[in-house]
1. Just one of the numbered conditions (1) surrounded by fewer than 20 Cβ atoms within 10 Å (Cβ to Cβ); (2) modelled with pLDDT under 90; (3) farther than 22 Å from Leu339 by Cα is not true of Ser487; which one?
2. For residues that are of a type in the set (Gly, Ala, Ser) and either closer than 22 Å to Glu348 by Cα or buried (at least 17 other Cβ atoms within 10 Å of the Cβ) (or both), scanning just region 374-433, find the one that is nearest to the chain's Cα centre (by Cα).
3. So which strands (runs of 3 or more DSSP E) are wholly in region 71-185 and hold at least 1 residues that are under 30 Å from the mean Cα position of the chain (by Cα) and polar (S, T, N, Q)?
4. In the list Arg489, Arg426, which residue meets the criterion of being within 16 Å of the ligand (Cβ to nearest atom) and assigned to a strand (DSSP E or B)?
5. Touching a helix residue (DSSP H, G or I) at 6+ places or on another chain (Cβ under 9 Å), charged (D, E, K, R), free of Cβ contacts under 8 Å to residues at least 60 places away in the same chain and surrounded by fewer than 19 Cβ atoms within 10 Å (Cβ to Cβ): is that true of Asp70 in this structure?
6. Being of a type in the set (Val, Ile, Thr) and more than 20 Å from Gln139 (Cα to Cα) is the filter here; which residues of region 20-44 pass it?
7. Looking only at region 448-476, which residues are surrounded by fewer than 16 Cβ atoms within 10 Å (Cβ to Cβ), at pLDDT below 90 and either charged (D, E, K, R) or more than 7 Å from the ligand (Cβ to nearest atom) (or both)?
8. May I ask you to list pairs of residues, at least six apart or on different chains, whose Cβ atoms are under 8 Å apart, with the first in region 374-385 being more than 13 Å from Ala413 (Cβ to Cβ) and the second being among the small types (Gly, Ala, Ser)?
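The values are calculated or read from the model by the stated rules, or taken from the named source; none is laboratory data. Model, not experiment: these values are computed from the prediction. We place every Cβ from the backbone using ideal geometry, glycine too, and count neighbours over all the protein chains shown.
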Amino acid sequence: MTVAHPSSLPSLPAHKGSGRILIVDDNAELVDTLRSVLASGIPGISIETATTGDAALALAPHGFDVAIMDVKLPDASGVDLIQPLKALSPLTEVVLLTGFASVDAAIGALRSGAFAFVLKSFRPEELIATIEQALGKAQLKREREELERRYRDLVEVTDVLVIALDNDDHVSLMNRKAATMVGTSSDQALGRPFFDAWIPKEDRSGLRAALAETRDGRGQGRAMEVETGFVDMDTPAQPRRRVRWHLSRSPESRALVYGIGIDVTERRALERRAADAEALSAMGELAMNLAHEIRNPLNAAVLQLHLLVRGLDRLEADDATREGLKDRTRIVGDEIGRLNRLLTEFLELARPRGIAREPVHVPRLVDEVLDLEEESARGRGIRIVRDLPADGCIAIGDREKLKQVTINIVVNALEAMKHGGVLTARVRAEADRVVLSVEDTGPGIEPEVLASIFDPFFTTKEAGTGLGLSIVRKIVDQHAGDVWMTSDRGQGARITVSIPTGR
Ligand code: ADP
């Protein structure tokens, strides 16, 4: 026996007529023999030589396909050199040269990571066959590496989001585009729980169902599609992205699900604006005129009501009767007030007016609104916490409209806390945005309700108009900003408005 190698070797392809070989041996005569045998037996190869272990390691970064190494070198054992050599040049296959044949030596050599070992008394054709197989294996590894690199490049440079989730929905792959979107890196994303880290609560059940169907293979080869928010859940002030995911099961491992995601944030915002514009133009001028027309008789009714109340005071009747009548007029007054508010808000929403562009000091504006609401808050047993920086946080926009936004969301928060609580208003500068968040300790919002709160006329309040948040969204849209609400049931709600500084 002169050659030992793993039994799987015969299936390796012969190499394709090129390759770099390093011979490491201090016996000049043997080196010459090896060189001439190989050069004549394997066309197209290049050969370099070294006489010591140190010299071999110095040459290793050249990237050899095969290193033929004497087991006994002047400064090292060839066996001990295998690992350091592979560390420097991972694709190199090592063939050990030894003076004696023993089963132990053969097993030891293969265990230490050598491809094969060759006796110094080799027969030329056996040496050539072994080196050709080693070259073939090195080439195969190189090709596989190249293929993998191309796939990786493809995943990295592509403009879509690519993720892979394991059976427990932990991330086993996240490409750069996806990682950047949620402010992390591909490496940091590895192993993190996908849902907890990046999927807003209201989107989790939809995604869970789609993943389950994908894993079951119920889609019959078709990719499941699902749309979710995609956001760093630890940074609630971050603008929200919407992503449409196409899910498919890995053909190799049932547990692994791949997701290709397309950022649909802008598309959805556009669709929404178009739908709003359409809805408003459908209601259109007629409705606006009608609203104006209703105003006049309503104002007349308010006037008449005042006169009525005054007349009641002079009415000759017992106190109980008078108070009963007064209660009724109060109810009529409240109802007219509500109609008036509805009209004002409707006109605000429907008016196609442009916005001013002036520097607005957002913390100061929020401070003013909170001053206005302070008394009403105190009356409801609500404490207001202001986390407002004195400097910076200036946005370019429409002061009055942004004030309207703040009033609407602060009033909502106050109205939510029927039994007192804490309202926390925060303003922060973040990159090119000013971010306002208003948090309350009210009952929070059910996930099903959360999806509708920005819709016109959606309200859960007895005397609500359902237009407050529609107006907020319209104004924020006009400022090219973002607004979203997050809420844990029973733990209050937080609304966040993010406006570009416009610089
Ligand atoms: P309205 O206040 O007239 O109902 P909005 O558009 O301002 O109209 O609000 C729509 C709905 O959103 C409310 O009826 C309520 O159900 C919900 N909502 C808004 N803000 C909060 C909050 N801070 N906590 C709980 N629910 C809220």
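1. It fails just one condition, (1).
2. Initial filter on region 374-433 (of a type in the set (Gly, Ala, Ser)): 376-377, 379, 381, 390, 392, 395, 397, 413, 416, 420-421, 425, 429, 431.
Subsequent filtering for residues that are either closer than 22 Å to Glu348 by Cα or buried (at least 17 other Cβ atoms within 10 Å of the Cβ) (or both) retains 377, 395, 397, 413, 416, 421, 425, 429.
Working: Ala377: 37, Ala395: 26, Gly397: 29, Ala413: 29, Ala416: 31, Gly421: 33, Ala425: 26, Ala429: 21 Å.
Once the filter is applied, the top-ranked residue is Ala429.
3. On the way: elements: 93-98, 116-119, 161-165, 171-174.
Here the list reads 171-174.
4. Values: Arg489 fails: assigned to a strand (DSSP E or B).
Result: Arg426 is the single residue among Arg489, Arg426 that is within 16 Å of the ligand (Cβ to nearest atom) and assigned to a strand (DSSP E or B).
5. Considered against the rule, which asks whether it is touching a helix residue (DSSP H, G or I) at 6+ places or on another chain (Cβ under 9 Å), charged (D, E, K, R), free of Cβ contacts under 8 Å to residues at least 60 places away in the same chain and surrounded by fewer than 19 Cβ atoms within 10 Å (Cβ to Cβ), Asp70 comes out as no.
6. Quick first cut of region 20-44, residues of a type in the set (Val, Ile, Thr) only: 21, 23-24, 31, 33, 37, 42.
Within region 20-44, Val24, Val31, Thr33, Val37 meet the criteria.
7. Glu448, Ala451, Ser452, Asp455, Phe457, Glu462, Ala463
8. Note: pairs meeting the criteria are Gly381/Gly420; Gly381/Gly421.
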